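Presented below is the structure to which this report refers.
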Amino acid sequence: MALGKVAIVGTAQTELRPVWGEAQHIDLISAVVRSVFKGTGFSIDDVDFVIDSGSDVLDGRSISNCGFLGALGAHHKEEARVEADGIWALQYGVNKIRSGASSVGLIVAYSKPSESMVENYWASQVEPFYQRPVGFSQRAAAGIQAQRYLADRGRSVRDLAEFAARRWADAKANARVQIDDLPDAEAVLASSESALPLTQLMMSRPVDGAIAMLIVDEASARRAGNNPVFITGMGSGTDSHAYADRDPLKLTSLEAAAAMAARAAGWSAKEADIVELSAPSVVGEMLAIEILGLDEGKAAVNRSGGALPADPIMATGLCRAVEAVRQLREPQLYDGGSPSRALVHGTQGVGMQNNCVMTLEV
């Protein structure tokens, strides 16, 4: 029996800021939950389940989602927490609807890293006896990856800086990311050292924010008051936890996830009109582009700026999906044309250990 189709009928996003000082978690979450229903023809009463992505480590409390149930609209509803990037919460929700168990789902992802020690968050994910005591974390993994990449590809640190500066410029034009001072390549090179050869502005910038997405089955999508975007393929993969067991230049779990999504959709990443990628560093994004075989002259890759200027950590992949939906629905706000296919990507874990890919179509 063929699996049913799932459509995205509503999205909402707060501005992504380095510090949302005047707003608490519940403020950010409730803002997007209230907004996501506008123009869809649905209300919170129609929602069968709520799945949220957040981190107890970043939030600083155990079972932190229990404090946000009201803001999530999850009272007297089925609610689940996914302690991973929001794109995995979306994957979970899609599978619930495709199974026939539900018709309408609300996906919410949020982070306030400005209230956390992000380095400690990443350190909590590495091997605790040998790696953690010597300071191995996301930055160290990105530095190793960058050193290997520059040596293998014959690229320069300036190449990395120019790439990062382009992404910051794209995000500045996005208007949904707070950027006070737009860095050029020189400013990227001059920023403080992160992990040789990477500077701080070559790593993704943690930001506060929340994302919500309303997903429905095909029958319910006909009720929607706006153009639905269908999720036609999904794939995910996990590499070895031990970074030394991986080839930093291959990202095999990304390759596997993309192949899985392509089989379901019937088309590959190279055929997408729009691509939104996540990565913790400039080299991570450049590798993802290579591995997926993307041609930036044919596809609009990270037109939003991607994760480098704005990484809400637990919401980054879901943010990529929201950006892709917006570009598919409103191409006149970008470069025009008639895009019909988008590929979105989320990553989680130190050194891009886990990867998830989805294909979207209108």
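The values are calculated or read from the model by the stated rules, or taken from the named source; none is laboratory data. Please read these numbers as outputs of a predicted model, since none were measured by experiment. No Cβ is skipped: glycine too gets one built from the backbone with ideal geometry, and neighbour counts run over all protein chains shown. The accessibility values were calculated without ligands, DNA or RNA, using every heavy atom of the protein model including side chains. Shrake-Rupley method; radii C 1.70, N 1.55, O 1.52, S 1.80 Å.
A straight line joining the Cα centroids of region 18-41 and region 183-202 runs 32 Å.
Listed by chain and number, the lysines whose C-alpha is less than 24 Å from the C-alpha of residue 298, apart from same-chain residues fewer than 8 away, are 172, 250, 270.
Surface composition of region 90-162: carbon and sulfur atoms hold 51% of the protein heavy-atom accessible area at a 1.4 Å probe.
Its Cα gyration tensor gives region 1-59 an equivalent ellipsoid; the semi-axes, largest first and in whole Å, are 27, 16, 11.
Given the chain, what percent of its DSSP beta bridges are antiparallel, to the nearest 5? Antiparallel bridges: around 70 percent, rounded to the nearest 5. Helix 252-265 and the long axis of the chain differ in direction by around 30°, with both axes built from C-alpha atoms. Taking a straight line from the alpha carbon of residue 5, these aspartates and glutamates sit under 12 Å away, with near neighbours fewer than eight places off in the same chain left out: 217, 218, 361.
Helix 282-291 axis versus longest C-alpha principal axis of the chain: approximately 70°, rounded to the nearest ten. Per-residue Karplus couplings for region 351-359, computed as 6.51 cos²θ - 1.76 cosθ + 1.60 with θ equal to phi - 60°, are listed in order as x, 6, 4, 10, 9, 10, 10, 10, 10 Hz, Gly and Pro entered as x. Straightening the chain between residue 56 and residue 334 buys 96.4 nm, computed as 0.36 nm per residue apart minus the Cα-Cα spacing. Paramagnetic label reach from residue 124 (point 7 Å along Cα→Cβ; backbone nitrogen cut-off under 20 Å): within region 293-320, residues 311-318. Under the criterion of Cα pairs below 8 Å and six or more residues apart, the relative contact order for the chain equals 25 percent.
From the alpha carbon centroid of region 322-362 to that of region 255-303 is 9 Å.
Under the combined filter of DSSP loop state and at most 15 neighbouring Cβ atoms within 10 Å, region 277-362 retains these GluC sites (Glu not before Pro): 296. Amide H contacts for residue 41 (H built 1.01 Å from N in the peptide plane; partners 5 or more residues away or on another chain; cut-off under 5 Å): 225. How tilted is helix 157-174 with respect to the longest principal axis of the chain? Cα atoms for both, answer in degrees (0 to 90, nearest 10). The two axes meet at around 30 degrees. What shape does region 5-161 take by its C-alpha gyration tensor, where a ≥ b ≥ c are the square roots of the eigenvalues and a/c under 1.5 counts as rounded, a/b above b/c as prolate, and the rest as oblate? In terms of gyration-tensor shape, prolate. Counting only DSSP H runs of at least 4 residues, each contributing -39500 (n - 2.57), and dividing by the residue count of the chain, the helix-based mean residue ellipticity at 222 nm comes to -9500 deg cm²/dmol. Note on residue 192 and residue 45: their simple-model spin labels are 5.3 nm apart, each label 7 Å out from Cα toward Cβ. I want the local charge near residue 345. Using Cβ-Cβ distances under 11 Å, sum +1 for each Lys or Arg and -1 for each Asp or Glu among the other residues. With Lys, Arg at +1 and Asp, Glu at -1, the neighbours total -2. Fully extending the segment from residue 175 to residue 148, taken as 0.36 nm per residue of separation minus the present Cα-Cα distance, adds 6.3 nm.
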